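Data first, discussion second: the structure below is written as structure tokens.
The values are calculated or read from the model by the stated rules, or taken from the named source; none is laboratory data. Every value quoted in this text rests on a predicted model; they were computed, and no experiment measured them. Every residue, glycine as well, gets a Cβ built from its backbone with ideal geometry; the counts of neighbours run over all protein chains shown.
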Amino acid sequence: MPPSEVDWSQDPYTWEGRTGWKAWRALHPFRGMYYDVRRRLPYYWSDIVDGFTYRTFAATVRIFFVNLLPALAFQLDMRRQTDGYFGINEALFSSALAAILFSTCSCQPLTVVGITGLISLFNYTIFDIATAQGIRDLYPGFICWVSIWAAITHWLAAILNLCDYMRYITDFSSNAFGMYVGIIYMIKGVEELVAQFYERGENLPGGYLSIVIALCYWFSVYVLELMGSTHYFRPWVRGLLSDFAYPIATIWWTGFSHIPGRIKDADLGRIPHTRAFYPTVDRPWLVPFWDLPVKWVFVALPIGILLTLLFYYDHNVSSLGAQAKQFPLKKPAGFHWDFFLLGITCFIGGIIGIPLPNGLVPQAPVHTDSCTEYVDRLVKSKELDVDEGHPRDLHRVNTSEWVDHNKKAVDAPKVHEQRVSHFLMGLAFVGFMTGPFLELLHTMPRALFAGVFFVVGWGSIGGNGIMANLLFVFQERRFVDPAEPRLTLSRWRIAYYIFFQAFGVAASVAISQTIAAIGFPVIIIALIPLRWVILPRIFTEHELLVLDAPTANSDVVLCSFGGQPTLPEIQLAEKKGLHRGDNGEEGGTSSGTSSEAREDGMRSREKWKDDEDRNDEDKLRERGERQRRASENIEPTLTTGHA
């Protein structure tokens, strides 16, 4: 049956109606993995056939550069922080392994897997701990055992259906995590620029030129990707500039750094040379993990569990971003199976001594966005401007003084859900491990990668729901659209809500700058019970429904989680009797603000559906007013935009 004809809300994988021991997910091993494969396997052939389109080619080029450049940037950071243990080939090998495995075997091939800034932070923090404990020489074996324990706990989490609990993630914690990731990326960009002043001896001209190149690269990618949402040029020109923003900017500024004269004489730092298909340091690919003393094998266990907590949240949130409700996806998700695959990459990556890949939060929606068909549509309307400052204008509504307006609307009728682009990207990574391409990479200035940090980092900050709410607090309300649900809340209550998110972000960033950085996943995970247990007792049901929403809000995603849970504020309201007909109180409607975050420099994932959403919100608002006046029972779980 075509996926468009399947009602995924009726998927047989559910826990509703089960009582006693049957309701315990851990007592039904492999159930989630079985249904993931059963659900997705019938579409495997179409995942291949649907990949032979122009959009697949454009998506391959775009996601290759979006994945390659940050991977190299993080690898340069790890190389500097671990005395050269990790290098370029390790980055390419890790990215290739993840791309080939997940493109061929995963249930969610649109989710891009690669090297993140958080695993970079994790690796060199463990290196610092090993150095402080006097076991610097044991670092390869120790980090290998951390990876092995992480692989085992990944497999246990997948087998025991623990990925189901991702359905409890809301935008409160996912936006905080995205903001944290963006800030870490920006910090790494600054650190990379600072290193250009002193790393190879004092070099002021090279340092200042690096700042210029990094900022110009950031601006170039931002402007080029923004072209897709403008009115300039023809649609195909806008599409080309937007699709190939990264390669255009990369080639241009790499060439700029080689201009003869003062620019070339500035002696910019560049990607170091390395041998083709060899590790960076003189060692075999297989790490002799069996030589590690038993004591340190078990010391690695709790660190491996911390790594699993990080990947549990990071990878699954990345998958949610790649399958957000804003994309018209038809094929089902499979979180349990994919998390098991991630355990395999952890094991392989650990024993061969490469950085462990996982889902890329800032880049997650970029692949799906690149595979999405966007169609520009002309919308004609008539509008009448009424100036409340001139009383006579209030009577013009009965006249014929209407003004014609043309505006651009962007529709997204289809996403090419396929495996080809991800697979081709993996092959390209293997190709870049050869001598000629390694020589080509050597021509790239390191300043370029600071610009990459800024591009990716700002993408997680500029469009984040925390930033959107913060800016709303400072807006003059008379110029805000009357249909905006946040107008029903006071500014200080919105600011109070932001405070809890900001505290989690600040605590995570702060601990990441210390030797205790490996503990930051605990803070991120702690935001989930904070949202489900504490916040419903501080904020009203209406406030939370306006400011927050479940991150997993699409049937193609929820079918892998066993359905959507009832929000805690609704459960609490029911216990207090607020939903009884004799004492009814409206729960409110969601603004969807926290889910509207978009990656800066790419087409907005919300823009093509803004008009439809606004009409839906108006209808919900009117319905709520009628319910309040009639004092009827209210069921907000499915009528507030959170279903």
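Does residue 26 satisfy being closer than 26 Å to residue 459 by Cβ, in a helix (DSSP H, G or I) and either assigned by TED's automatic domain parsing to the domain that holds residue 459 or at pLDDT 85 or above (or both)?
Numbers: closer than 26 Å to residue 459 by Cβ: no; in a helix (DSSP H, G or I): yes; either assigned by TED's automatic domain parsing to the domain that holds residue 459 or at pLDDT 85 or above (or both): yes.
Taking the combined requirement at face value, the residue does not satisfy it.
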*Matching residues, segment 33-84, being at pLDDT below 90, more than 20 Å from residue 422 (Cβ to Cβ) and among the aliphatic types (A, V, I, L, M)*: 73, 76, 78
*asked:* For segment 58-92, give me each residue that is under 22 Å from the mean Cα position of the chain (by Cα) and either aromatic (Phe, Trp, Tyr) or not assigned by TED's automatic domain parsing to the domain that holds residue 424 (or both).
replied: 64, 65, 74
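Out of all the residues in segment 161-180, is one or more farther than 27 Å from residue 263 by Cβ and β-branched (Val, Ile, Thr)? Please lay out each step first, then the result.
Here is the first cut: in segment 161-180, the ones farther than 27 Å from residue 263 by Cβ are 161-180.
Adding the requirement that they be β-branched (Val, Ile, Thr) leaves 169-170.
There is at least one residue in segment 161-180 that is farther than 27 Å from residue 263 by Cβ and β-branched (Val, Ile, Thr).
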*Hits in segment 309-348 (condition: modelled with pLDDT of 95 or more and of a type in the set (Gly, Ala, Ser))*: 343
*asked:* Name the residue that is surrounded by the most Cβ atoms within 10 Å (Cβ to Cβ), counting only residues in segment 193-220 that are closer than 27 Å to residue 62 by Cα and in contact with a Phe, Trp or Tyr (Cβ under 6 Å, 6 or more places away or on another chain).
replied: 217
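For segment 208-219, check the following and say yes or no: at least one residue is closer than 21 Å to residue 54 by Cα, part of a helix (DSSP H, G or I) and within 21 Å of the chain's Cα centre (by Cα).
No - not one qualifying residue is present in segment 208-219.
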_Checking residue 374 against (1) aromatic (Phe, Trp, Tyr); (2) over 27 Å from residue 563 (Cβ atoms); (3) in a loop (DSSP other than H, G, I, E, B), only one condition comes out false. Which one?_
(3)
*Inspect all residues belonging to segment 237-256 and state whether any of them is acidic (Asp, Glu), surrounded by 14 or more Cβ atoms within 10 Å (Cβ to Cβ) and touching a helix residue (DSSP H, G or I) at 6+ places or on another chain (Cβ under 9 Å).*
yes
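Kindly indicate whether residue 41 is farther than 29 Å from residue 228 by Cα and buried (at least 24 other Cβ atoms within 10 Å of the Cβ). Full working, then the answer.
Values: farther than 29 Å from residue 228 by Cα: yes; buried (at least 24 other Cβ atoms within 10 Å of the Cβ): no.
So residue 41 does not fit the description; no.
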_Any residue at all in segment 61-77 that's crowded, with 24+ Cβ neighbours inside 10 Å, closer than 26 Å to residue 251 by Cα and in contact with a His (Cβ under 6 Å, 6 or more places away or on another chain)?_
yes
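Could you list, in sequence order, the residues of segment 30-59 that are of a type in the set (S, T, N, Q) and not in a helix (DSSP H, G or I)? Working first, answer last.
Here is the first cut: in segment 30-59, the residues of a type in the set (S, T, N, Q) are 46, 53, 56.
Across segment 30-59, the qualifying residue is only 53.
I'd like the full set of residues that are of a type in the set (D, E, K, R) and surrounded by fewer than 21 Cβ atoms within 10 Å (Cβ to Cβ), limited to segment 420-458. It would help to see each step written out before you state the result.
Keep residues of segment 420-458 that are of a type in the set (D, E, K, R), which gives 439, 446.
439, the sole residue that qualifies.
Of all residues in segment 80-97, which are assigned to a helix (DSSP H, G or I) and either of a type in the set (Ser, Thr, Tyr) or without any contact (Cβ under 8 Å) to a residue 12 or more places away in the chain (or both)?
So the first thing to find is which residues in segment 80-97 are assigned to a helix (DSSP H, G or I), and the list is 80-81, 88-97.
94, 95 - these are the residues of segment 80-97 that are assigned to a helix (DSSP H, G or I) and either of a type in the set (Ser, Thr, Tyr) or without any contact (Cβ under 8 Å) to a residue 12 or more places away in the chain (or both).
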*How many of the residues in segment 328-340 are over 11 Å from residue 157 (Cβ atoms) and crowded, with 22+ Cβ neighbours inside 10 Å?*
7
*asked:* Step by step: first the residues of segment 485-530, then only those that are at pLDDT 90 or above and outside any helix (DSSP H, G or I), then the one that is farthest from residue 174 (Cα to Cα). Which residue is that?
replied: 490
*Could you please find all residues in segment 273-290 being in a helix (DSSP H, G or I) and farther than 18 Å from residue 85 by Cβ?*
290
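Looking at 410, 386, which is the one that is of a type outside the set (D, E, K, R), modelled with pLDDT under 85 and under 32 Å from the mean Cα position of the chain (by Cα)? Outline the logic, then answer.
Working: 386 fails: under 32 Å from the mean Cα position of the chain (by Cα).
410 is the lone residue from the list that is of a type outside the set (D, E, K, R), modelled with pLDDT under 85 and under 32 Å from the mean Cα position of the chain (by Cα).
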*asked:* Suppose we keep only residues that are of a type in the set (D, E, K, R) and loosely packed, with under 14 Cβ neighbours inside 10 Å within segment 480-520. Which one would you say is farthest from residue 185 (Cα to Cα)?
replied: 481
*Can you name the condition, by its number, that residue 523 falls short on among (1) β-branched (Val, Ile, Thr); (2) exposed (fewer than 13 other Cβ atoms within 10 Å of the Cβ); (3) under 11 Å from residue 176 (Cα atoms)?*
(2)
*Considering only segment 536-553, state which residues are surrounded by fewer than 23 Cβ atoms within 10 Å (Cβ to Cβ) and either assigned to a loop (DSSP other than H, G, I, E, B) or of a type in the set (S, T, N, Q) (or both).*
538, 539, 540, 553
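Name the residue that is surrounded by the most Cβ atoms within 10 Å (Cβ to Cβ), counting only residues in segment 291-324 that are under 14 Å from the mean Cα position of the chain (by Cα) and not in a helix (DSSP H, G or I). Full working, then the answer.
First pass over segment 291-324, keeping only residues under 14 Å from the mean Cα position of the chain (by Cα): 310-324.
Cutting the leftovers down to not in a helix (DSSP H, G or I) gives us 323-324.
Details: 323: 27, 324: 21.
Out of the qualifying residues, it is 323.
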*Is there a residue in segment 96-107 that is surrounded by 21 or more Cβ atoms within 10 Å (Cβ to Cβ) and more than 21 Å from the chain's Cα centre (by Cα)?*
no
*Subset tally (residues that are free of Cβ contacts under 8 Å to residues at least 60 places away in the same chain, in a helix (DSSP H, G or I) and charged (D, E, K, R)) for segment 220-272*: 3
*Name the residues in segment 113-137 that are touching a Leu at 6+ places or on another chain (Cβ under 7 Å), crowded, with 23+ Cβ neighbours inside 10 Å and in a helix (DSSP H, G or I), would you?*
118, 122
*Quick one: which residue in 151, 176, 158 is closer than 13 Å to residue 304 by Cβ and part of a helix (DSSP H, G or I)?*
151
*residue 69 vs. criteria over 20 Å from residue 329 (Cβ atoms) and out of contact with any Leu (no Cβ under 9 Å at 6 or more places or on another chain)*: no
*Do you know which of the residues in segment 559-578 that are in contact with a Pro (Cβ under 9 Å, 6 or more places away or on another chain) and among the aliphatic types (A, V, I, L, M) is farthest from residue 36 (Cα to Cα)?*
573
